[in-house]
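K.L.:
The structure's right below; bear with me while I get my questions together.
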Amino acid sequence: MNITYDWNKGVWSNLPLGVKVSKLHKFNALPVQFSGSYEYNFANAAVVPEWSVNLTVKLLFPM
């Protein structure tokens, strides 16, 4: 979550609250992380979206 305050206007432009869930799964020796998150913005919706959903897949290459 990224919280943003506009110092020039003196207001919050992004004030999110959300939840994130992630799972690490191994395909043979390759670990892969799956995650999903939902955020609701309580501040000005004109600057940033009112709500957002993110889905992420990360391939992890161990050294």
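K.L.:
For Val47, are the conditions met, namely being assigned to a strand (DSSP E or B) and of a type in the set (A, V, I, L, M)?
P.N.:
No: the conditions fail for Val47.
K.L.:
Residues of segment 33-63 being under 11 Å from the mean Cα position of the chain (by Cα) and among the polar types (S, T, N, Q), which ones?
P.N.:
Ser35, Ser37, Ser52, Asn54, Thr56 - these are the residues of segment 33-63 that are under 11 Å from the mean Cα position of the chain (by Cα) and among the polar types (S, T, N, Q).
K.L.:
From (1) under 13 Å from the mean Cα position of the chain (by Cα); (2) outside any strand (DSSP E or B); (3) surrounded by 12 or more Cβ atoms within 10 Å (Cβ to Cβ), pick out the condition that doesn't hold for Asn2.
P.N.:
Condition not satisfied by Asn2: (3).
K.L.:
Condition first: within 11 Å of the chain's Cα centre (by Cα), assigned to a strand (DSSP E or B) and surrounded by 11 or more Cβ atoms within 10 Å (Cβ to Cβ). Can you find one or more residues in segment 21-32 that meet it?
P.N.:
Scanning segment 21-32, I find no residue that is within 11 Å of the chain's Cα centre (by Cα), assigned to a strand (DSSP E or B) and surrounded by 11 or more Cβ atoms within 10 Å (Cβ to Cβ), so the answer is no.
K.L.:
Scan segment 35-44 for residues that are touching a residue at least 24 places away in the same chain (Cβ under 8 Å) and either in a strand (DSSP E or B) or of a type in the set (Val, Ile, Thr) (or both) and jot them down.
P.N.:
If the condition is that a residue be touching a residue at least 24 places away in the same chain (Cβ under 8 Å) and either in a strand (DSSP E or B) or of a type in the set (Val, Ile, Thr) (or both), then Glu39, Tyr40, Asn41 are the ones that fit.
Here, each number is a calculation from the coordinates, and none is a lab measurement. Everything quoted here is computed from the prediction, not taken from an experiment. Don't worry about glycine lacking a Cβ; one is built from the backbone with ideal geometry, like all the others, and counts go over all protein chains shown.
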